[in-house]
Amino acid sequence: MNIKDLGGEFGLIENLTQDFSQFDQKIKKGIGDDCAVIDLGERYQLISSDTLVSNDHFNLNWSTPEQVGMKAVEVNVSDIIACGGTPKSILVSLVLTRDLDAEIIQGIYRGIKKKCDKYEIDLIGGDTTHGKELVINVTILGVGAYGNTSLRSDAKVGDLICVTGDLGGSTAGLEYLRKFKDVEKLKVKFPYLYKRHLEPVARRGVLQCVSTAANAMIDVSDGLASEVRHICKESECGAEVDFSKIPLHMETKLCAQKLGQSAEDWALSGGEDFELVFTVSLENYEKFDTGFKEKITVVGKILGGNGGVWLLKNGMREELKGGYDHFS
Ligand code: ADP
Ligand code: MG
């Protein structure tokens with residue numbers, strides 16, 4: 001049987017983990033969210049792990065080693081932020097090819113250090129070994145204010161589904177590079193997409209406004225469709241996303257036109273935007289100030305448990321499909 005037949009990446013995780021017991025009552029959330037959440041009494045400990053594989057998550061023809069290191073930290077910080085927390089420390093594990101130029105890994109570590117300094121994160125350990133492909137795994141620890149996490153399971157019927165910033169830009173940059181294989185050209189023609197793809201940044205800035213107001217929250221690593229489905233699965237609810245409301249940057253639209261692809265599909269299925277998708281009651285949404293409302297977009301709403309998960313497109317409802325899956 002191949003992994004696809006088990007339901008792809010998420011079917012596989014469920015299949016592998018479903019028989020495990022949970023022994024420690026302090027584990028508020030184990031598998032199934034952006035972070036594991038452990039109840040420490042006066043605060044929550046948040047833990048998450050993300051891996052970058054060479055030629056899959058990054059390509060050294062296009063990224064500098066420093067950019068790879070920066071991305072490795074930012075994608076992990078994004079998971080802590082998606083749970084409403086503050087990043088505190090990381091462990092970095094490396095699989096290095098035997099012939100790897102030491103300057104590459106030194107460059108990657110310069111990128112890691114830059115982000116550790118930015119977020120005041122301590123590097124507290126890791127592991128180093130060799131293998132056939134360059135792999136960087138980061139495990140991150142963070143803290144969350146007691147009683148104030150925003151888990152995927154916290155959505156309420158009637159909530160608005162909001163997205164920060166815009167979506168699809170990272171995939172646009174990647175598709176441009178795949179087609180033209182020219183990183184300098186991307187930087188000149190689409191500077192925003194260059195940054196989105198090669199130098200992603202977690203959305204820490206909005207946390208202050210979002211964290212106490214939001215119910216459920218998740219970061220966009222696999223595309224809007226997949227993230228909304230995760231919220232629905234964990235919250236046992238339905239949802240409707242309006243295709244016409246998906247926020248797109250002008251460069252993303254222009255790039256899609258140039259490549260003959262759909263910018264909305266990149267937003268729904270591409271991923272790696274590291275924006276936040278959160279659900280919020282109408283009452284709390286209305287309390288957001290105008291400046292903040294301009295930074296977010298309402299893309300849909302949460303429906304009841306058997307309401308289905310829909311994409312509203314041209315006035316018709318279709319199943320909300322798509323999302324990046326390593327094994328589909
Ligand atoms: P994210 O996209 O936020 O990094 P994922 O979608 O990768 O999260 O993972 C979903 C959930 O499955 C998380 O709770 C993660 O910790 C868990 N998970 C992923 N892979 C494994 C694994 N091999 N064994 C156990 N849990 C896993
Ligand atoms: Mg995540």
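The values are calculated or read from the model by the stated rules, or taken from the named source; none is laboratory data. Given the structure is predicted, the values throughout are model-derived calculations rather than measurements. Every residue, glycine among them, receives a Cβ derived from its backbone with ideal geometry; neighbour counts consider all protein chains shown.
Answer with yes or no whether Thr64 is outside the structural domain of Arg229 (by TED's automatic domain parsing), more than 30 Å from Thr212 (Cα to Cα) and touching a Gly at 6+ places or on another chain (Cβ under 8 Å). When the stated conditions are applied, Thr64 passes them.
Would you point out which residue out of Ile136, Ile121, Ile90, Ile104 is under 19 Å from Ser54 (Cβ atoms), in the same structural domain as His57 (by TED's automatic domain parsing) and without any contact (Cβ under 8 Å) to a residue 60 or more places away in the chain? Matching residue, one of Ile136, Ile121, Ile90, Ile104: Ile104. Within the range 53-85, the set of residues being surrounded by 20 or more Cβ atoms within 10 Å (Cβ to Cβ) and hydrophobic (A, V, I, L, M, F, W, C) comprises Phe58, Val68, Met70, Ala72, Val73, Val75, Val77, Ile80, Ile81, Ala82, Cys83.
Among residues of the range 28-42 that are over 20 Å from Val220 (Cα atoms), those with a Cβ under 6 angstrom from a residue that is modelled with pLDDT under 95, sequence gap 6+ or separate chain, pair up as Glu42/Tyr146. Taking Glu42, is it modelled with pLDDT under 95, within 11 Å of ligand 1 (Cβ to nearest atom) and either out of contact with any Cys (no Cβ under 6 Å at 6 or more places or on another chain) or more than 24 Å from Gly85 (Cα to Cα) (or both)? So Glu42 does not fit the description; no. Checking each residue in the range 152-189 for being over 16 Å from Thr279 (Cβ atoms) and of a type in the set (Gly, Ala, Ser) picks out Gly165, Gly168, Gly169, Ser170, Ala172, Gly173. Being at pLDDT 95 or above and either out of contact with any Leu (no Cβ under 8 Å at 6 or more places or on another chain) or away from ligand 1 (no atom under 11 Å from the Cβ) (or both) is the requirement here; does Val73 meet it? Considered against the rule, which asks whether it is at pLDDT 95 or above and either out of contact with any Leu (no Cβ under 8 Å at 6 or more places or on another chain) or away from ligand 1 (no atom under 11 Å from the Cβ) (or both), Val73 comes out as yes.
Each residue in the range 270-283 was checked for being of a type outside the set (Val, Ile, Thr), at negative phi, modelled with pLDDT of 95 or more and buried (at least 16 other Cβ atoms within 10 Å of the Cβ), and 5 pass. If you filter the range 256-268 down to residues that are of a type in the set (A, V, I, L, M) and touching a Ser or Thr at 6+ places or on another chain (Cβ under 9 Å), you find that the one that is surrounded by the most Cβ atoms within 10 Å (Cβ to Cβ) is Ala267.
Here Lys253 meets each of (1) without any contact (Cβ under 8 Å) to a residue 60 or more places away in the chain; (2) under 29 Å from Tyr119 (Cβ atoms); (3) surrounded by fewer than 22 Cβ atoms within 10 Å (Cβ to Cβ); (4) over 16 Å from the mean Cα position of the chain (by Cα) with one exception, condition (2). The residues on offer are Glu175, Glu234, Glu184, and the sole one that is surrounded by fewer than 24 Cβ atoms within 10 Å (Cβ to Cβ), farther than 27 Å from Phe288 by Cβ and touching a helix residue (DSSP H, G or I) at 6+ places or on another chain (Cβ under 6 Å) is Glu175. So for the range 171-190 (the condition being over 11 Å from Gly271 (Cα atoms), within 16 Å of ligand 1 (Cβ to nearest atom) and touching a residue at least 40 places away in the same chain (Cβ under 8 Å)), does at least one residue qualify? For the range 171-190, residues over 11 Å from Gly271 (Cα atoms), within 16 Å of ligand 1 (Cβ to nearest atom) and touching a residue at least 40 places away in the same chain (Cβ under 8 Å): absent.
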